[in-house]
Amino acid sequence: MLRNANRASGLSASPPKGLSSEELRRYDLLLAGLDLLDQAVAVFDATPKLVTWNKAMLRLLDFPESLVRVGTPFEDFVRFNAERGEYGSGDMEKLVADRMASVRAFEPHHAERTRPNGKVLSIRGVPIPNLGFVSLWTDVTEQRHYERVIEEQNAALEARVQARTAELEQSNASLARANAEIDQIAAALRKSEERLRLILDSIPALVAHVDAGQRYRYANRGYAAWFGLKKEEIVGRSVSEVFGPEAYAVVRPYLREAAQGERVSYEYCRRNAQGRTVHARSVVVPDVSVEGGFQGYFVLSVDITEQKASEAALIQAQKMEAVGQLTGGLAHDFNNLLTIIIGNLAALKDKQGATPDEYLDPALHAARRGAELIRRLLTFSRRQTLEPRAVDVGAIVRNMLQLLSRSITESITVTTEIPETAIYAMVDPHQLENALVNLAINARDAMPGGGKLNIRISERTIDPSIAPLVEVPAGRYVQFDVADTGSGIDPASLPRVFEPFFTTKPFGAGSGLGLSMVYGFLRQSGGNIRILSTPGEGTSVRFVLPRCEAPIEPRQAAGATSEQAPGGGRLVLLAEDEPEVRRVIRMQLAELGFAVLEVASGIEAREMLEEVDGIELLMTDMVMPGGIGGRELAEVARKCRPGLPVLLMTGYASDAVTGDRSQLGLPVLRKPFDGQALRNALRQLDSQMETGTK
């Protein structure tokens with residue numbers, strides 16, 4: 001029997017007795033050789049208990065040296081492996097019992113097991129008849145890794161081969177199809193030259209061939225028609241004769257350059273037989289042969305008249321957008337200035353009482369007109385959202401008469417027909433004003449020599465029988481008729497007047513967006529618009545808006561008067577970065593009975609919210625330096641002061657600054673405002689808070 005020679009573990013067994021020194025030496029050499037093997041070897045007797053082993057057993061199986069000793073039962077090794085998860089999960093006693101049953105059968109076996117550390121071991125068991133068995137463990141981790149790598153590489157190579165094969169088959173098929181198509185085209189071309197002429201006449205391009213003497217030898221139908229000629233009429237004529245002296249002077253330098261062998265491209269314009277200016281972009285390719293030299297020109301042209309009109313309209317639209325951006329940006333500064341002016345003038349007016357003042361009253365009125373002017377500019381530049389409400393349309397038109405008179409020339413007389421009884425429509429008043437201004441400007445442009453502009457307002461009921469024709473629901477409406485005595489609109493252009501960028505005005509004189517904006521506003525408001533026009537007799541624009549009842553004035557609470565101050569000594573935190581604006585608002589809040597704690601930045605306001613317990617109202621500007629504005633302060637208030645009323649202020653007009661009010665959930669007071677507007681906003685805020693608590 002072998003003895004263990006693992007000196008590192010200190011385990012040893014006595015060699016068989018009766019061995020000579022030579023036999024003992026060979027015995028030690030045998031044990032030393034076993035320790036040098038990469039395979040783990042262990043011998044168990046029939047009990048089964050461990051008899052001998054080599055060093056690889058400890059290295060591969062990670063058994064503790066205290067366990068590996070002569071006489072250790074095989075079951076101890078099995079139980080040790082089961083406890084550290086070598087056999088997976090499950091009932092431990094069953095796992096041990098199953099493996100011991102297999103061992104006691106002493107049957108030859110071979111299996112592989114992946115240890116928890118990732119190593120793959122090949123396990124072989126060989127019985128020793130009537131004596132026990134030998135177990136051998138071999139680390140095959142690297143071998144299995146290379147096998148997987150080889151399989152993956154083989155699979156990838158096979159996939160590439162298949163893909164390349166399919167690609168070659170597809171390429172061959174495509175080549176075959178291409179050859180077949182070439183043969184078909186060649187046969188068709190050989191069959192008839194007339195087929196090519198038909199194709200050239202059908203394509204949406206202007207094609208021609210000019211000889212070296214600048215005379216036309218061929219022109220397709222589109223090319224000839226662009227010059228108001230037939231194909232047969234243009235052949236044989238010179239370029240100068242067809243183009244005319246003005247247009248030919250433009251293209252002549254390019255033809256000279258092409259005659260030198262250069263491909264050239266250019267744009268030109270000409271006036272057609274109807275007197276309309278048309279534009280074209282041309283590419284001229286020299287016709288040069290080796291034998292004969294320069295033979296003439298191949299010409300390919302495209303009519304770009306509509307493109308030029310669109311470009312002009314786009315430029316005008318960009319100008320309008322730039323005006324809108326400028327107006328929206330300046331509105332904040334102007335509104336802050338007007339807040340200071342109106343606030344101080346209103347305070348001075350309150351101190352003087354109700355006695356009229358020939359200096360103060362006009363100044364206050366002018367400041368409020370300035371605020372209204374800013375609002376109208378913002379409406380024109382489309383920087384404000386649509387806010388429909390019940391509006392007295394007659395009052396709107398009356399208030400606009402002065403503005404309309406200034407928008408058109410003195411040679412145009414403006415008249416109105418407005419019922420004495422107020423008529424209300426559900427509409428955004430600012431957008432309605434903008435629409436009327438657009439229509440008045442169009443009428444002005446149609447009457448360069450003067451004329452009459454009449455605006456008529458009337459009630460109208462649309463029956464269900466005609467509702468589908470006018471494309472609005474049946475019901476009660478307010479009808480506007482804006483009529484002029486201008487040049488009118490030709491029947492060909494009338495169906496397109498509401499198209500964006502379409503205009504009958506000369507290049508640069510109009511964007512083509514005015515009527516499309518009016519149309520979009522009216523449709524969005526639940527109405528519609530129609531235009532009746534006769535060339536030379538004027539134009540009548542008729543549109544309708546949904547009629548509604550007069551707005552109900554809110555009732556005051558019992559015992560309350562308009563003079564009662566809503567403050568009641570409450571402490572309000574005022575956050576505003578403009579010192580003069582902050583001073584005016586502080587003064588207005590004090591007049592309303594508030595105690596004011598003012599700060600100049602969002603950072604200071606946040607500190608106050610976190611440290612001062614007595615704050616009962618937060619009033620903050622939307623945008624302040626330091627990165628903390630009204631939104632951020634509102635979020636801070638919600639976290640540290642749930643239920644604290646918050647009133648936002650802004651001098652900006654863009655929703656990108658104020659946000660969607662329904663999503664923000666907070667009232668927004670727009671600058672400029674006076675003490676009465678602030679009083680109303682605070683009362684509305686108090687009412688909302690009371691409703692919320694209920």
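The values are calculated or read from the model by the stated rules, or taken from the named source; none is laboratory data. Everything numeric here is computed off the predicted structure, so don't read it as measured data. With ideal geometry, Cβ positions are generated from the backbone for all residues, glycine too; neighbour counts draw on all protein chains shown.
So that you can scan it fast, the table gives a plain yes or no per residue for (1) among the aliphatic types (A, V, I, L, M); (2) in a helix (DSSP H, G or I); (3) in contact with a Cys (Cβ under 7 Å, 6 or more places away or on another chain); (4) within 28 Å of ARG271 (Cα to Cα):
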residue	(1), (2), (3), (4)
LEU157	yes, yes, no, no
GLN170	no, yes, no, no
LEU229	yes, no, no, yes
SER240	no, yes, no, yes
ALA247	yes, yes, no, yes
Run ARG148 past the list (1) part of a helix (DSSP H, G or I); (2) in contact with a strand residue (DSSP E or B) (Cβ under 8 Å, 6 or more places away or on another chain) and report the number of the one that doesn't hold. (2)
Can you give me the number of residues within the range 607-636 that are in contact with a helix residue (DSSP H, G or I) (Cβ under 8 Å, 6 or more places away or on another chain), over 19 Å from ARG586 (Cα atoms) and among the acidic types (Asp, Glu)? 2
Taking ILE123 and the conditions (1) assigned to a helix (DSSP H, G or I); (2) hydrophobic (A, V, I, L, M, F, W, C); (3) touching a Phe, Trp or Tyr at 6+ places or on another chain (Cβ under 8 Å), which numbered condition does it fall short on, given that it satisfies the others? (1)
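For residues in the range 439-474 being within 39 Å of the chain's Cα centre (by Cα) and outside any helix (DSSP H, G or I), which is surrounded by the fewest Cβ atoms within 10 Å (Cβ to Cβ)? Spell out the reasoning first.
Taking the range 439-474 as the starting set, the residues that turn out to be within 39 Å of the chain's Cα centre (by Cα) are 439-443, 445, 467-474.
Going one step further and asking which of them are outside any helix (DSSP H, G or I), we end up with 471-474.
Values: GLU471: 10, VAL472: 19, PRO473: 12, ALA474: 14.
Across the range 439-474, the extreme among qualifying residues is GLU471.
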Log entry, pairs with first residue in the range 578-591 being assigned by TED's automatic domain parsing to the domain that holds GLY626, second being acidic (Asp, Glu) and in a helix (DSSP H, G or I), beta carbons closer than 8 Å, six or more apart or on different chains, reads GLU591/ASP350
Checking the structure you have, find out if any residue of the range 604-616 is part of a strand (DSSP E or B) and in contact (Cβ under 8 Å) with a residue 12 or more places away in the chain. no
Given (1) surrounded by 11 or more Cβ atoms within 10 Å (Cβ to Cβ); (2) closer than 30 Å to ARG148 by Cα; (3) without any contact (Cβ under 8 Å) to a residue 12 or more places away in the chain, identify the lone condition not met by ALA40. (3)
How many of the residues making up the range 269-300 are farther than 17 Å from ASP211 by Cα, out of contact with any helix residue (DSSP H, G or I) (no Cβ under 6 Å at 6 or more places or on another chain) and either surrounded by 16 or more Cβ atoms within 10 Å (Cβ to Cβ) or not assigned by TED's automatic domain parsing to the domain that holds ARG252 (or both)? 2
Please count how many residues of the range 55-85 are part of a loop (DSSP other than H, G, I, E, B) and within 30 Å of LEU30 (Cβ to Cβ). 11
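Residue-by-condition table, conditions (1) out of contact with any helix residue (DSSP H, G or I) (no Cβ under 6 Å at 6 or more places or on another chain); (2) among the aliphatic types (A, V, I, L, M); (3) at negative phi:
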site	(1), (2), (3)
ASN399	yes, no, yes
GLN402	yes, no, yes
SER411	yes, no, yes
GLU420	yes, no, yes
TYR424	yes, no, yes
ASP428	yes, no, yes
ALA435	no, yes, yes
ASN438	no, no, yes
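When the residues of the range 139-163 are narrowed to those that are under 21 Å from GLY88 (Cβ atoms) and more than 53 Å from the chain's Cα centre (by Cα), which ends up surrounded by the most Cβ atoms within 10 Å (Cβ to Cβ)?
Of all residues in the range 139-163, those under 21 Å from GLY88 (Cβ atoms) come to 139-141, 144.
Those still in the list that are more than 53 Å from the chain's Cα centre (by Cα) too: 139-141.
Numbers: ASP139: 17, VAL140: 14, THR141: 15.
My answer is ASP139.
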